[in-house]
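Please read the structure below before turning to the comments.
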Amino acid sequence: MANAPDDADAALERELATLRADYEALHLEQVRAEQTLKHLETELAELERKAQAEYGTSDPEELAGKLAAMRAENASRVERYREHIAAVRQDLAGLEQGGEPSGA
């Protein structure tokens, strides 16, 4: 039975080695995560600074509102341009028929 304590000691040593390896892997993962977090925080601060400078705010909800307003304005401009092009086409068709331009 002299082997039983030796076997138990060996098993504990193996488990300890495994735990140490796990700890090292987790520690490396933690260091990488902390580096990534620091990088992302720096990037976020830069993006917030740019948003503040360009749009007057860095608040996500305010930026979303400004984006919605810009999209609505773009849609309105496209509609006006579409109407202008239609009027030009209509005038061109009238000229081709021998008529007078309407001034579009």
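So what's the back-of-envelope 222 nm ellipticity for the chain, counting only DSSP H runs of four-plus at -39500 (n - 2.57) apiece and dividing by all residues, rounded to 500?
-32000 deg cm²/dmol
Taking Cα atoms, how many degrees apart are the long axis of helix 60-96 and the longest axis of the chain, rounded to 10 and kept between 0 and 90?
30 degrees
Please say if segment 1-57 is rounded, prolate or oblate, where rounded means a/c under 1.5 for a ≥ b ≥ c the square roots of the C-alpha gyration tensor eigenvalues, and otherwise the choice is prolate for a/b larger than b/c and oblate otherwise?
prolate
Need one number: nm distance between label points at Glu24 and Asp9, each 7 Å from Cα along Cα→Cβ, rounded to one decimal.
Between Glu24 and Asp9, the label points sit 2.4 nm apart.
Between the helical axis of 3-55 and the dominant principal axis of the chain, each derived from Cα atoms, what acute angle in degrees is found, rounded to the nearest 10?
20 degrees
Towards the positive end of the charge dipole of the chain, with charges on Cβ (+1 Lys, Arg; -1 Asp, Glu), say which of Ala21, Leu47, Thr36 has the farthest Cα.
Working it through, the farthest residue towards the positive pole turns out to be Leu47.
Determine the shape class of the chain: with a ≥ b ≥ c the square roots of the Cα gyration tensor eigenvalues, call it rounded for a/c under 1.5, and otherwise prolate if a/b is greater than b/c, oblate otherwise.
Judged from the Cα gyration tensor, the chain comes out prolate (a/c at least 1.5, a/b above b/c).
None of the figures in this text is laboratory data; all of them are computed from the coordinates on show. No experiment lies behind these values; they were computed from the predicted model shown. Don't worry about glycine lacking a Cβ; one is built from the backbone with ideal geometry, like all the others, and counts go over all protein chains shown.
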